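Take a look at the structure set out below.
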Amino acid sequence: MKKFNIRKVLDGLTAVSSPSPSPQTGAKENDFIIPETLQSEHFQLCKTVRHGFPYQPSSMAFDPVQKILAIGTQSGALRLFGRPGVECYCQHESGAAVIQLQFLINEGALVSALADDSIHLWNLRQKRPAVLHSLKFNRERITFCHLPFQSKWLYVGTERGNIHIVNVESFTLSGYTIMWNKAIELSSKAHPGPVVHISDNPMDEGKLIIGFESGIVVLWDLKSKKADYRYTYDEAIHSVAWHHEGKQFICSHSDGTLTIWNIKSPAKPAQTITPHGKQPKDGKKPEPCKPILKVEYKTTRAGDPYMILSGGLSYDTVGRRPCLTVMHGKSTAVLEMDYPIVDFLTLCETPYPNDFQEPYAVVVLLEKDLVVIDLAQNGYPIFENPYPLTIHESPVTCCEYVADCPADLIPALYSVGSRQKRQGYSKKEWPISGGNWGQGTQSYPEIIITGHADGSVKFWDASAIMLQVLYKLKTAKVFEKTRSKEEKPNTEIVDEDPFAIQLMSWCPDSRMLCVAGVSAHVIIYRFSKQEIATEVVQLLEVRLQYELNDLESPEGGGYQTPAPPTPSTSPSPQTSGPQTHHSTSSNSSDGIRDNVPCLKVRNSPLKQSPGYQVELVVQLVWVSGEPPQQISSLAINSSYGLVVFGNTNGLAVVDYLQKTVLLNLSTMELYGSNDPYQRQPRSPRKSRQPSGGLCDINEGSATSEDRCKSPTSVLMSNHQQFYNGGGRGAKMSRKLSLPTELKPDLVLLSVCPPRAALPLDNRDNSFSRSRSSSVTSIDKEAREAITSFYFCETYTRKTDSTLTPALWVGTSLGTVLSISLSMPPAGEQRLLQPVIVSPSGTLIRLKGSILRMAFLDATGSFLPPPSELWYEPNAPANGEERERVRKRRPVSVSPSTSQELNEHQYAVVCSEKQAKVIALPSQTCIFKHNITETSFVLRADVVQTGPGICVACFCANGHIMTLSLPGLRPLLDVNYLPLTDMRIARTFCFTNLGQAMYLTSPTEIQRITYSQDVCENLQEMLGELFTPVETPEAPNRGFFKGLFGGGAQSLDREELFGESGAGKASRSLAQHIPGPGGIEGMKGAASGIVGDLARARIALDERGQKLSEVEERTAAMMASADSFSKHAHEMMLKCKDKKWYQF
């Protein structure tokens, strides 16, 4: 175990120490030793599980025996779903779109066909499926695949109209090929187009039906290698389906018609149906409709068959939603979907195509949802989806992740969330029920919170690598709805989604929640198990704005406090609703908007269900025609009853118990009068009300006298630059247009502190200089935003000997400032006496924007912010809940050894560029680490993992790093993920116990771990997809069918397609690529119906007799042999003269 010395710095030197003193300055060795328990072997990075709806799905398959659903996507991802809680994610290396999936039913294997003309065999018998074989076609494009039940020969149709046959065990091509010209012969003068369908006759495996896009269907006899019948229709074909008796098939066409054909009557269809066409009375053809993209034909013993189809609506249904049509007997049900249909599958009781199908459900894959319809119940209700597929219901704009939260939280959230569930679902069990849960022993509770573009906040139970929605909060209910475009107020600062959540601050102990929205609003919520009716939503309006001219500053608007040095005088509380603000919240006579909030809080009574109930709304208002800047930082503390938020202009501290604003200061005014980083005030008027303005844009480049002479000439130019694109804040434009699809990438401007262009980074090299007139012009344009907060009980000044409540503030220019808090006594006095807040000046400077602050006690243990335990706020006055004393989390007492040294606490501060550990109260920097020189940190968290605590960082260059505490030793540095999307930057979170997450696509959460322990136990925690299940018995042929040959005809495919019967395929047609699953994976897959043949094949492999592979690997073996020969010769020379005992 490595130990670090914490050096005490002499008092005489600390007074004049630089902002980043060298750790060695004036240090005494061995003053105090904190052992560090974390070592690099405690860390390992790996992906754990992916949740959410597969992004941009493209194909789907279902194993009716294993009851597993597979979904492929346009980015080559594969998602497998079993029973709720059993999910798996795999990725094709090429990243090409998955165009088709085919299960080897009950074999634990899956074939995928990709848009890059490759097919792959996946082994599903392992917890993390792997590719066993791949085959890449070189000369032809794959358009359709078909694998008959219990067959090992896969039919592959191509764009040229040919069909090739692949052995799925060895992934070699058969020499048997069906060429398009042989299939159609003289029935058509033109090329028939790509193959759009292949399937064998359910009653005769030797007869294959081939559908060509142009409208030709061919019934091919595999044995005689010729076409039995050809069926021609003058409309393009999209899909074909058999009746289970094999005497009829149905085609869907591009004009919205269905044609039903008897196989022995190729001249014309037995029946033509236009499901959605209007039938003319004069017997003419019905008017054409949209294409029917897919049709399925499923039979039942007891009644009429089902015809299920997607598409086919008439062209005059403009604006109608996509539909699935279920035709059963004389009834036709049209089921509207929320999104376009990608694919659908009918789930049937039997896997055998030659038996009555008995359909019981339809799985419909939509572009952004998965719907399962119950066919057995009247009205076709849908099943309640148990998978966490609604993450993207509204685009995610921010996330929080809390591991090891209080044990009673998840049951409390579940109990209030269960009342929100919709009614009317099917009463049957979810039909996708395969696989088994993992056996993991991880027991701590985890919660993920997602904020969304529509203002909703969702709480998810993320324990034990599962995900389940617990509770949904709609913050938009607090505001008035605009009924039409004309009524839309012109005070909004975003064009779309004015309620979008930007930041969230949550206290798990007290269950207090605070959210900041894109319209510069903050809402504070309490958790209650009882329903209440709120007559008036309580509102505060705050002026937090840079003003062009102090003289124009209105005296009466908003809530402000006199400037320091007496910032403690609190304004009289005003808790009335928005209607009381009519005098100030209006446009002034010259049309300039002033004191107007961006959104209107509702003034009608609000019914608040059990769960999160609004306590207070705080809104920033327009000032002199300028909109409020969006909020860049937010924190709530339940022990102090305070909320603080900041933006590019400054910060405001709100007492949510007394409903007052305690402090409203510009960033500049936070700097104390004796502060080495203090900037000159804008105006000599000491008594003016602070406008909450920004730090001086000129960065001290003009003297106080100059500014007073011309209050607008200097400031106006830079102010214009800021709004028109200059400086760090330039991204915060007056209007933000948020197109729906781009929402995941939008609000980063405000969630992460706004970043400058590259030249601004040069400032980091000289960050410690004072702001004098020598500052560059680039620096003049940079605005100092508030980027982070931390409530703590600490030593505010170097001379302090006792802990006092404080708020630490971090800015975008790397400054950490302190605000001391003087709290009234708890109980009734807390509601009567004011909280006194007073800025205490700068504590430390770092390179880059401040991201995270935390505190350690004298032993190096983490000190969480003080918090209060939850109590029922709406309990009756004489109830037991009211009697409970509100408890504050005790502050840990420092050991006596530390008290002697006067080093009671350690503050950890992490910025975009570096991390520092500061000893308190001496304010000495004892450890410093430059995290990155060429990039910047996007997210940093101080987390508890395993036996200790560390700083975890995610950099823009994709590196994930951990640093020990307090020594800041690098423990892990992995180049994990290049920042390809701002969504990742905005949603990346680290939490305790080695867990982290981010939004990998607009619809999916990726969870990762950086803990060695979790990586080692992950295999146990993952679910099993494949479970041994007996294949159902084949249907009886019956006595007469057996006697007269009317039953299903079998076919010896091995004789027909094998090398002896069909010869070898051209080696240039496709290239075989062995997969990483290898022979071990094949052993797992080789059981069941085709097991004997597969085992024989493996035996050949293991004896080195697989000739085709030998041919492909000869070159590699020769290179390997040459290399081995060189190594052997070197070894011989090295060992030639050694005696036996020297080895």
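The values are calculated or read from the model by the stated rules, or taken from the named source; none is laboratory data. Computed from a prediction, not measured in an experiment: that's the story for all the values here. Please note: Cβ atoms are built from the backbone with ideal geometry, for glycine as well, and neighbour counts cover all protein chains shown. Ligands, DNA and RNA are excluded from the accessible area calculation, which covers all protein heavy atoms including side chains. Shrake-Rupley method; radii C 1.70, N 1.55, O 1.52, S 1.80 Å.
Before moving on, here are some points about what is shown:
- Scanning the stretch 28-59 for residues that are modelled with pLDDT of 95 or more and outside any strand (DSSP E or B) gives F53, P54, Y55, Q56.
- Scoring V835 on the criteria (1) more than 25 Å from N649 (Cα to Cα); (2) hydrophobic (A, V, I, L, M, F, W, C); (3) in contact with an Asp or Glu (Cβ under 6 Å, 6 or more places away or on another chain) leaves a single failure, condition (1).
- Subset of the stretch 307-326 [more than 30 Å from H392 (Cα to Cα) and either assigned to a loop (DSSP other than H, G, I, E, B) or at pLDDT 95 or above (or both)]: M307, Y315, D316
- Every condition in (1) within 28 Å of R83 (Cα to Cα); (2) out of contact with any helix residue (DSSP H, G or I) (no Cβ under 7 Å at 6 or more places or on another chain) is met by I960 except one, and the failing one is (1).
- For the stretch 790-826, a residue qualifies if it is closer than 17 Å to G641 by Cα and without any contact (Cβ under 8 Å) to a residue 40 or more places away in the chain, and the qualifying residues are T804, A806, S820, P824, P825.
- In the stretch 614-631, the residues that are modelled with pLDDT of 95 or more, under 28 Å from the mean Cα position of the chain (by Cα) and either open to solvent by less than 10 Å² (accessible area, probe 1.4 Å) or over 28 Å from F791 (Cβ atoms) (or both): I631
- Here is the figure for the stretch 861-872: residues that are assigned to a loop (DSSP other than H, G, I, E, B) and out of contact with any helix residue (DSSP H, G or I) (no Cβ under 6 Å at 6 or more places or on another chain) total 7.
- Residue check for L993: in a loop (DSSP other than H, G, I, E, B), within 17 Å of Q44 (Cβ to Cβ) and either open to solvent by 10 Å² or more (accessible area, probe 1.4 Å) or among the hydrophobic types (A, V, I, L, M, F, W, C) (or both): yes
- Cβ-Cβ contacts under 8 Å between residues 6 or more apart (or on different chains), taken from a first residue in the stretch 947-960 that is in contact (Cβ under 8 Å) with a residue 60 or more places away in the chain and more than 11 Å from L971 (Cα to Cα) to a second residue that is open to solvent by 10 Å² or more (accessible area, probe 1.4 Å) and polar (S, T, N, Q), are listed as P947/T37; G948/T37; I949/S861.
- Extreme residue, nearest to L154 (Cα to Cα), among residues of the stretch 89-117 that are touching a residue at least 60 places away in the same chain (Cβ under 8 Å) and small (G, A, S): A109
- Y976 surrounded by fewer than 20 Cβ atoms within 10 Å (Cβ to Cβ) and of a type outside the set (A, V, I, L, M, F, W, C): yes
- Out of L135, L147, sole residue that is within 18 Å of A70 (Cα to Cα) and in contact with a strand residue (DSSP E or B) (Cβ under 6 Å, 6 or more places away or on another chain): L147
- Criterion violated by S59 - all others in (1) touching a strand residue (DSSP E or B) at 6+ places or on another chain (Cβ under 7 Å); (2) open to solvent by 30 Å² or more (accessible area, probe 1.4 Å) satisfied: (2)
- Answer residue from the stretch 121-133, given it is touching a helix residue (DSSP H, G or I) at 6+ places or on another chain (Cβ under 7 Å) and buried (at least 24 other Cβ atoms within 10 Å of the Cβ) and is nearest to V168 (Cα to Cα) among those: L132
- Close Cβ contacts (under 8 Å, 6 or more residues apart or on different chains) running from residues in the stretch 506-520 that are among the charged types (D, E, K, R) to residues that are surrounded by fewer than 24 Cβ atoms within 10 Å (Cβ to Cβ) and assigned to a strand (DSSP E or B) comprise D509/E868; R511/R526; R511/F527.
- Whichever residue in the stretch 268-304 is touching a residue at least 40 places away in the same chain (Cβ under 8 Å) and among the basic types (K, R) and, among such residues, is farthest from R230 (Cα to Cα): R301
- Qualifying residue in the stretch 232-239 (condition: at pLDDT 95 or above and open to solvent by 60 Å² or more (accessible area, probe 1.4 Å)): yes
- Checking each residue in the stretch 102-120 for being in contact with a strand residue (DSSP E or B) (Cβ under 8 Å, 6 or more places away or on another chain) and open to solvent by 10 Å² or more (accessible area, probe 1.4 Å) picks out Q102, F103, L104, I105, N106, A115, D116, D117, H120.
- With respect to (1) at pLDDT 90 or above; (2) open to solvent by less than 10 Å² (accessible area, probe 1.4 Å), the lone exception for G193 is condition (2).
- Complete set of residues in the stretch 601-613 that are closer than 25 Å to E872 by Cβ, surrounded by fewer than 18 Cβ atoms within 10 Å (Cβ to Cβ) and not charged (D, E, K, R): P605, L606, S609
- 3 or more residues within 28 Å of C251 (Cβ to Cβ): qualifying strands (runs of 3 or more DSSP E) within the stretch 115-196: 142-146, 153-158, 163-167, 172-178
Yes/no matrix, rows are residues, columns are (1) under 24 Å from G82 (Cβ atoms); (2) touching a Ser or Thr at 6+ places or on another chain (Cβ under 6 Å); (3) without any contact (Cβ under 8 Å) to a residue 12 or more places away in the chain:
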residue: S1001; (1), (2), (3): yes, no, no
residue: E1004; (1), (2), (3): yes, no, no
residue: R1007; (1), (2), (3): yes, yes, no
residue: S1011; (1), (2), (3): no, yes, no
residue: V1014; (1), (2), (3): yes, no, no
residue: E1020; (1), (2), (3): yes, no, no
residue: V1029; (1), (2), (3): yes, no, no
residue: P1032; (1), (2), (3): yes, no, no
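- Among (1) within 19 Å of V536 (Cα to Cα); (2) open to solvent by 10 Å² or more (accessible area, probe 1.4 Å), the one test that R593 misses: (1)
- Applying the set (1) farther than 22 Å from T991 by Cα; (2) open to solvent by 50 Å² or more (accessible area, probe 1.4 Å); (3) at pLDDT below 95 to P921 leaves exactly one unmet item: (2).
- Considering the stretch 64-94, and only residues there that are among the polar types (S, T, N, Q) and over 18 Å from the mean Cα position of the chain (by Cα), the residue that is surrounded by the most Cβ atoms within 10 Å (Cβ to Cβ) turns out to be Q66.
- The requirement of being small (G, A, S), surrounded by fewer than 18 Cβ atoms within 10 Å (Cβ to Cβ), more than 24 Å from the chain's Cα centre (by Cα) and not in a loop (DSSP other than H, G, I, E, B) is fulfilled nowhere in the stretch 1018-1039; no residue meets it.
- A907 meets all of the listed conditions (1) without any contact (Cβ under 8 Å) to a residue 60 or more places away in the chain; (2) open to solvent by less than 10 Å² (accessible area, probe 1.4 Å) but one, namely (1).
- Summed over the stretch 925-948, residues that are of a type in the set (V, I, T), open to solvent by 10 Å² or more (accessible area, probe 1.4 Å) and either within 21 Å of L843 (Cβ to Cβ) or in contact with a helix residue (DSSP H, G or I) (Cβ under 9 Å, 6 or more places away or on another chain) (or both) total 2.
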